[in-house]
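Below is one structure, written out as structure tokens, with a few remarks after it.
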Protein chains: 2
Amino acid sequence: MRRVPARNPRTPTGPGASATLADVARGAGVSKTTASDALRGHGRVSDATRRAVLDTARRLGYTPNRSARSLRTSVTDTIALHIPEFLTSAEYYMSFVFGVAEQAARAGLNVTLVSSGRLPQADGLILCDPMPDNPVVDQLMTAGLPVVTAERYGGDSRPTGVIWSDHETSLTELLDHLRARGARRPALIASDSAADWALTLQHTYDRWCAQHGVQRLLRKAPFGSSPEVLRGVVGELLAEAPETDAIVCAADGAAAAVLPEIRSAGRVVGEDLLLASCVDSLAMRTAEPPITSIDLRPRHMGAECVRLLCEILAGETPRGTTRTLAIDMIVRASTDS
Amino acid sequence: MRRVPARNPRTPTGPGASATLADVARGAGVSKTTASDALRGHGRVSDATRRAVLDTARRLGYTPNRSARSLRTSVTDTIALHIPEFLTSAEYYMSFVFGVAEQAARAGLNVTLVSSGRLPQADGLILCDPMPDNPVVDQLMTAGLPVVTAERYGGDSRPTGVIWSDHETSLTELLDHLRARGARRPALIASDSAADWALTLQHTYDRWCAQHGVQRLLRKAPFGSSPEVLRGVVGELLAEAPETDAIVCAADGAAAAVLPEIRSAGRVVGEDLLLASCVDSLAMRTAEPPITSIDLRPRHMGAECVRLLCEILAGETPRGTTRTLAIDMIVRASTDS
DNA sequence: ACGATGTGCCGGAACGTTCCGGCAAAGGAG
DNA sequence: CTCCTTTGCCGGAACGTTCCGGCACATCGT
């Protein structure tokens with residue numbers, strides 16, 4: 001049990017060491033209190049003094065020590081971010097992450113990634129697409145931190161804030177669009193996941209079918225299914241139900257992955273089979289033909305989550321607030337040739 | 001200049017408040033020093049005492065306050081991560097991020113995202129695919145922190161550590177493979193970027209052509225080019241140089257994006273035109289036909305960067321260490337029908 | 001003249017850790 | 001027995017910040 005070799009914890013006194021508040025105070029000829037007040041904009045400080053402090057701070061390259069600050073105030077200026085690990089949705093999640101990162105930077109917040117259940121010290125938490133059957137998610141939900149979720153959470157606990165998109169309306173719009181383009185028997189390749197998003201899509205499809213008096217053509221593929229699996233599902237669908245004249249794919253990327261299978265079934269997309277996706281991506285834009293899809297605007301989603309979290313943390317917005325993020329259908333050649 | 005409404009900085013004394021070291025010490029009937037030593041495994045503590053401390057700590061749900069710790073020791077147990085913002089490479093970067101996150105969690109480190117130049121307080125920095133002409137990257141390189149880059153850095157400053165892949169060898173292997181499959185005039189659609197990776201590919205291609213006495217068929221597309229642009233480039237290539245019998249695409253996703261263009265030029269991939277990609281992805285696996293490509297193993301790359309950074313921070317590995325990450329060619333139908 | 005009010009500034013405690021330098025008791029060598 | 005070493009523990013300072021509660025001085029109304 002020997003003591004570790006004493007690493008000197010003192011800041012190196014060379015010019016490389018970052019300046020402390022005391023340095024700034026000394027440099028400006030004021031007390032720590034005044035220096036702090038001047039920098040933070042608190043207290044009563046004359047304009048001349050404030051300027052002097054700000055000036056020396058800049059001159060010395062002063063950066064406040066976040067640890068000290070957060071030790072004192074117990075605010076960390078940090079938000080934690082959890083995203084599900086599905087490479088099929090890499091583009092969506094990556095955009096989301098950038099949205100979060102950018103907005104957080106704008107608000108002066110750090111973003112730290114949480115992968116395991118071990119929650120880093122943070123002021124709040126953003127959960128992207130939380131699935132109630134994910135133990136990590138459940139753990140994070142009940143950690144006592146303010147939580148904002150991107151999309152609604154189907155589990156027991158209530159998030160502190162929610163940003164969600166009205167998939168019901170947009171899928172309805174999409175199905176109406178297909179119908180207007182002549183499709184009478186649209187099928188849904190649903191994502192078999194417990195996520196609220198997936199559930200809503202199925203539910204919406206069911207209702208739409210009922211309202212229009214058409215029989216459902218529903219197939220489920222597990223969330224995060226490989227393209228091979230998806231192709232299999234679509235192949236089966238087209239074999240069993242050749243009357244299918246439109247296919248809507250729920251899962252990210254699925255519609256593009258499924259194109260070859262449709263072709264090899266002898267159907268031609270945009271002509272005798274309409275194809276659409278519930279989530280837009282590069283693959284949809286560049287598929288041949290380009291695929292009509294719903295732009296989920298993940299980047300905005302990320303930014304909005306941060307915004308809401310900040311407002312809740314600042315007490316400007318009540319806990320339990322829920323907001324919608326507008327999403328758009330983008331019509332492309334796959335349904336409009 | 002009014003004072004802000006005094007938010008009480010004291011920890012709430014209720015049972016919801018997380019226990020402090022002093023609480024643990026009191027609970028175990030020892031001093032803070034002994035409690036700390038017992039928990040950290042430092043100093044000289046009898047087994048009985050250690051057990052008692054560990055026990056009360058668990059009982060009280062003690063979590064060390066990271067801010068206090070890092071204030072005292074000036075280590076933050078945090079690494080900063082920067083990734084370029086190219087949605088075309090979403091899958092690669094996302095995998096990389098998960099590799100980093102996972103390995104960091106294993107090492108007990110937090111990962112914080114850096115988007116702007118504003119560097120969060122961290123012990124070290126990981127730069128993914130740093131491009132020397134990116135001002136943010138340059139800024140981060142010279143911030144004085146230990147930096148590990150994924151792929152080599154072409155700029156002036158030297159990173160503290162580097163993990164890179166031997167693209168020269170793997171591209172050579174790929175070109176040899178194409179030749180063995182009968183291709184005599186392979187073209188390279190290069191990524192026109194200052195990243196070391198892109199440069200190496202071009203250079204390797206040049207050399208290979210020289211060695212085999214074949215004339216180069218090189219086309220450049222700006223890094224992050226839209227699929228439309230890429231298609232244009234390939235269309236032009238096939239029109240201007242119909243003798244092209246193989247195409248290697250450098251950029252992530254490009255090979256798949258370009259497939260329709262090849263088809264509409266009347267060529268059939270895997271038959272009279274071989275197609276390969278320098279970076280593997282879902283799109284390559286699921287293209288029709290599946291596309292031969294080089295698996296860059298981004299997840300391992302991320303993990304290795306963290307590992308190296310940790311070793312350097314611990315002083316186990318000298319600064320300036322450079323390591324290679326093995327990458328593999330995966331042969332698929334696009335070159336092997 | 002005097003108190004009241006406001007302005008500008010500061011001393012110093014506190015946040016929760018780590019760890020230096022002790023000190024007392026126990027054990028061992030002579 | 002004495003002297004020395006080892007073991008087990010602890011007091012308290014320090015890290016850099018925030019902010020409470022002051023204090024001195026100026027200004028102003030009466």
Checklist outcome for this item: The residue that is most open to solvent (accessible area, probe 1.4 Å), considering only those in segment B:112-129 that are over 17 Å from the mean Cα position of the chain (by Cα) and of a type outside the set (D, E, K, R), is B:Gln121
Checklist outcome for this item: Checked segment A:180-195 for anything out of contact with any helix residue (DSSP H, G or I) (no Cβ under 9 Å at 6 or more places or on another chain) and not in a loop (DSSP other than H, G, I, E, B); matches are A:Ala180
Checklist entry - Across segment A:265-289, what is the total count of residues that are in a loop (DSSP other than H, G, I, E, B), more than 10 Å from chain B (Cβ to nearest Cβ) and crowded, with 22+ Cβ neighbours inside 10 Å? => result 3
Next on the checklist: Cβ-Cβ under 6 Å, sequence separation 6+ or interchain: first residue in segment B:46-74 and β-branched (Val, Ile, Thr), partner modelled with pLDDT under 95 and near DNA strand D (Cβ under 7 Å from one of its atoms). Which pairs?
Outcome noted: B:Thr73/A:Pro9
Checklist entry - Residues of segment B:59-102 being part of a helix (DSSP H, G or I), more than 9 Å from chain A (Cβ to nearest Cβ) and either of a type in the set (Lys, Arg) or open to solvent by 20 Å² or more (accessible area, probe 1.4 Å) (or both), which ones? => result B:Arg59, B:Leu60
Checklist outcome for this item: Only unsatisfied item for A:Thr33, checking (1) modelled with pLDDT of 95 or more; (2) within 41 Å of the chain's Cα centre (by Cα); (3) within 27 Å of B:Ala122 (Cβ to Cβ); (4) near DNA strand D (Cβ under 8 Å from one of its atoms), is (3)
Item to check | Scope segment A:291-308; condition within 13 Å of another protein chain (Cβ to nearest Cβ) and buried (at least 22 other Cβ atoms within 10 Å of the Cβ); matching residues | outcome: A:Ile291, A:Pro298, A:Gly302, A:Ala303, A:Val306
Item to check | Selected residue (only one of A:Leu81, A:Leu60, A:Leu71 is in contact with a helix residue (DSSP H, G or I) (Cβ under 7 Å, 6 or more places away or on another chain), near DNA strand D (Cβ under 10 Å from one of its atoms), at pLDDT 90 or above and at negative phi) | outcome: A:Leu71
Checklist entry - Just checking, which of B:Asp272, B:Asp295 is in contact (Cβ under 8 Å) with a residue 24 or more places away in the chain and closer than 20 Å to B:Ala195 by Cβ? => result B:Asp295
Next on the checklist: Condition first: within 12 Å of chain B (Cβ to nearest Cβ) and within 16 Å of DNA strand C (Cβ to nearest atom). Can you find one or more residues in segment A:136-143 that meet it?
Outcome noted: no
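Among the listed residues B:Gly117, B:Gly99, which satisfies the condition of being away from DNA strand D (no atom under 16 Å from the Cβ) and modelled with pLDDT under 95?
Being away from DNA strand D (no atom under 16 Å from the Cβ) and modelled with pLDDT under 95 holds for just one of B:Gly117, B:Gly99, which is B:Gly117.
Check segment A:76-83 and report whether any residue there is over 30 Å from B:Ser281 (Cα atoms) and of a type in the set (Asp, Glu).
Yes.
Tell me, yes or no, whether segment B:130-138 has at least one residue that is in a loop (DSSP other than H, G, I, E, B), open to solvent by less than 10 Å² (accessible area, probe 1.4 Å), touching a strand residue (DSSP E or B) at 6+ places or on another chain (Cβ under 6 Å) and more than 30 Å from B:Pro222 (Cβ to Cβ). Let's see the steps before the verdict.
So the first thing to find is which residues in segment B:130-138 are in a loop (DSSP other than H, G, I, E, B), and the list is B:130-134.
With the extra rule that they be open to solvent by less than 10 Å² (accessible area, probe 1.4 Å), the set shrinks to B:130.
After this cut, where a residue has to be touching a strand residue (DSSP E or B) at 6+ places or on another chain (Cβ under 6 Å) as well, the list is B:130.
When the remaining residues are screened for being more than 30 Å from B:Pro222 (Cβ to Cβ), the result is none.
There is no residue in segment B:130-138 that is in a loop (DSSP other than H, G, I, E, B), open to solvent by less than 10 Å² (accessible area, probe 1.4 Å), touching a strand residue (DSSP E or B) at 6+ places or on another chain (Cβ under 6 Å) and more than 30 Å from B:Pro222 (Cβ to Cβ).
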Item to check | Exclusive hit being among the hydroxyl-bearing types (Ser, Thr, Tyr) and farther than 30 Å from A:Thr324 by Cα, set A:Ser277, A:Ser264 | outcome: A:Ser264
Checklist outcome for this item: Counted residues in segment B:37-50 being within 23 Å of B:Arg66 (Cβ to Cβ), open to solvent by 40 Å² or more (accessible area, probe 1.4 Å) and not in a loop (DSSP other than H, G, I, E, B) come to 2
Next on the checklist: Of the conditions (1) within 7 Å of chain A (Cβ to nearest Cβ); (2) assigned to a helix (DSSP H, G or I); (3) under 22 Å from A:Asp123 (Cα atoms), B:Val111 satisfies every one except a single condition; which number is it?
Outcome noted: (2)
Checklist entry - Could you say whether any residue in segment A:176-184 is modelled with pLDDT under 90, over 18 Å from the mean Cα position of the chain (by Cα), among the hydrophobic types (A, V, I, L, M, F, W, C) and open to solvent by 30 Å² or more (accessible area, probe 1.4 Å)? => result no
Checklist entry - Going by the conditions given, is B:Ala239 more than 14 Å from chain A (Cβ to nearest Cβ) and either among the aliphatic types (A, V, I, L, M) or over 20 Å from the mean Cα position of the chain (by Cα) (or both)? => result yes
Checklist entry - Any residue in segment A:141-148 that is among the polar types (S, T, N, Q) and either open to solvent by less than 20 Å² (accessible area, probe 1.4 Å) or in contact with a Gly (Cβ under 8 Å, 6 or more places away or on another chain) (or both)? => result no
Next on the checklist: Here are the criteria: (1) buried (at least 16 other Cβ atoms within 10 Å of the Cβ); (2) without any contact (Cβ under 8 Å) to a residue 24 or more places away in the chain; (3) in a loop (DSSP other than H, G, I, E, B). Tell me which single one A:Cys209 does not satisfy.
Outcome noted: (3)
Item to check | Extreme residue, farthest from the other protein chains (Cβ to nearest Cβ), among residues of segment B:27-58 that are within 11 Å of DNA strand C (Cβ to nearest atom) and of a type in the set (Ser, Thr, Tyr) | outcome: B:Ser31
Checklist entry - For segment A:235-264, what are the residues that are touching a residue at least 12 places away in the same chain (Cβ under 8 Å) and in a loop (DSSP other than H, G, I, E, B)? => result A:Ala241, A:Glu243, A:Thr244, A:Asp245, A:Ala250, A:Ala251, A:Asp252, A:Gly253
Checklist entry - So which residues in segment B:321-337 are open to solvent by 20 Å² or more (accessible area, probe 1.4 Å) and among the small types (Gly, Ala, Ser)? => result B:Ala326, B:Ala333, B:Ser337
Next on the checklist: Within segment A:309-320, does at least one residue satisfy the condition of being of a type in the set (Ser, Thr, Tyr) and either in contact (Cβ under 8 Å) with a residue 40 or more places away in the chain or open to solvent by 30 Å² or more (accessible area, probe 1.4 Å) (or both)?
Outcome noted: yes
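The values are calculated or read from the model by the stated rules, or taken from the named source; none is laboratory data. Please read these numbers as outputs of a predicted model, since none were measured by experiment. All Cβ positions, even for glycine, are placed from backbone atoms using ideal geometry, and neighbour counts span all protein chains on display. The area values use the complete protein model at the heavy-atom level, side chains included, leaving out ligands, DNA and RNA. Shrake-Rupley method; radii C 1.70, N 1.55, O 1.52, S 1.80 Å.
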